[in-house]
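Below you'll find the structure, written out as C-alpha cells, and then a few comments.
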Amino acid sequence: IQEFSQQTGLPAKTIRYYESIGMLRPPQRLPNGYRQYNEQDLERARFVAGARSLELSLDEILELLAMQDH
C-alpha cells in the first residue's frame, strides 16, 4: 500500500477508506496478505485524487465513477 500511496499521492489511510466505501475496488491479495494493485487501480486512484483536488465531494466522485463503470 505504501508504494501505491506514493504513486497516487493518497495517504494509505485514505486508500483504505476509499476501498471501504467502494470508491476504489478492493485489490487482489498476495499470499502474505499484501495488496496487489494493477494499472487500472492506479488510474482510478489518480482520477479520484484529481477529482478531490478539484474539491468534488465523495458523492460526486462516486457518481462519476458509476457513470465511467457503465
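ARG52 fails exactly one of the following numbered conditions: (1) surrounded by 13 or more Cβ atoms within 10 Å (Cβ to Cβ); (2) under 14 Å from SER5 (Cα atoms); (3) among the charged types (D, E, K, R). What is the number of that condition?
Going through the list (1) surrounded by 13 or more Cβ atoms within 10 Å (Cβ to Cβ); (2) under 14 Å from SER5 (Cα atoms); (3) among the charged types (D, E, K, R), ARG52 breaks only (2).
Would you check if there is a residue in the stretch 26-40 being out of contact with any Ser or Thr (no Cβ under 6 Å at 6 or more places or on another chain), among the hydroxyl-bearing types (Ser, Thr, Tyr) and under 21 Å from ASP69 (Cα atoms)?
Yes, the stretch 26-40 contains a residue that is out of contact with any Ser or Thr (no Cβ under 6 Å at 6 or more places or on another chain), among the hydroxyl-bearing types (Ser, Thr, Tyr) and under 21 Å from ASP69 (Cα atoms).
Within the stretch 22-46, which residues are exposed (fewer than 10 other Cβ atoms within 10 Å of the Cβ) and at negative phi?
LEU30, PRO31, ASN32, GLU39, GLN40, listed by residue number.
Every number here is computed from the coordinates shown, using simple stated rules; none is lab data. Because the structure is predicted, anything quoted here is derived from the model rather than measured. Cβ atoms come from the backbone with ideal geometry, glycine included; neighbour counts cover every protein chain shown.
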